Amino acid sequence: MKKAVFLIIVYISFAVSCSSIPRSIKNAFTYCYEDRYTGIDTLINIEGYYSLHPILIFYDNGLVVSPIARDAERLLHNGFSFLQEETKNTKTINSRYSIFNFIECGSYKICVDTIKIQLIHKSSSINDYWRGHEYWYKIIDRNTLLFVGSYLITTNQKEKDFIEKNYPFTGGSKSTFVPVPTLPQPDYFWILKEKWFWCNDQDWKTNKNRLM
């Protein structure tokens with residue numbers, strides 16, 4: 001009996017850890033989302049995506065997303081139209097959200113000639129885990145970004161030291177713009193449901209009510 005109770009507690013702990021972002025990542029995320037025009041389209045082309053890893057899609061309101069590896073090939077061949085069509089065909093808000101649950105999401109800031117991005121990878125199972133990274137890209141021209149470096153987003157210093165020591169990110173690679181005819185509509189990305197992601201609680205509430 002005690003063993004059964006223990007296993008139930010362990011299972012619940014795993015389920016909770018998968019469903020909610022760890023405090024160590026949430027507290028380290030500093031690029032809160034304002035849903036305001038950023039002017040990024042005056043600096044680079046955004047009617048498409050930027051290649052290499054991570055694949056990046058920028059929106060002019062501060063949102064940035066990255067399809068994970070298993071979606072990347074499909075994305076390249078279909079130009080994101082599969083997401084657009086699936087969104088049109090869904091009948092409920094929940095099913096719309098599920099389509100965008102496996103995409104890394106975050107926000108960006110423009111610092112002179114550098115775009116700084118904070119992306120969160122959402123846990124999807126007990127074999128997966130939440131993680132966050134900050135990426136810096138220097139703007140070379142309207143179609144090219146130069147990868148400067150990446151940093152782990154966490155307040156857990158031991159974890160940060162281990163990752164940066166054993167899996168260092170080095171800059172130097174270029175990310176090239178690839179135009180596509182269709183981009184996924186940003187309304188239903190999972191991160192927009194998260195209150196902590198927004199700079200202003202009222203903006204989060206307004207967006208939530210708008211999608212109900």
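The values are calculated or read from the model by the stated rules, or taken from the named source; none is laboratory data. Given the structure is predicted, the values throughout are model-derived calculations rather than measurements. Using ideal geometry, Cβ is built from the backbone for each residue, glycine included, and neighbour counts are taken over all protein chains shown.
Selection within the range 152-197: residues that are crowded, with 17+ Cβ neighbours inside 10 Å and part of a strand (DSSP E or B). The member of this set that is modelled with the lowest pLDDT is Leu152.
Please determine whether any residue of the range 35-50 is in contact with a Ser or Thr (Cβ under 6 Å, 6 or more places away or on another chain), crowded, with 16+ Cβ neighbours inside 10 Å and at pLDDT 80 or above.
Keep residues of the range 35-50 that are in contact with a Ser or Thr (Cβ under 6 Å, 6 or more places away or on another chain), which gives 50.
Now drop any that are not crowded, with 16+ Cβ neighbours inside 10 Å, which leaves 50.
Within this subset, residues satisfying the condition of being at pLDDT 80 or above are 50.
Yes, some residue in the range 35-50 is in contact with a Ser or Thr (Cβ under 6 Å, 6 or more places away or on another chain), crowded, with 16+ Cβ neighbours inside 10 Å and at pLDDT 80 or above.
Considering only residues in the range 86-119 that are closer than 11 Å to Trp190 by Cα and at pLDDT 55 or above, the one that is surrounded by the most Cβ atoms within 10 Å (Cβ to Cβ) turns out to be Gly106.
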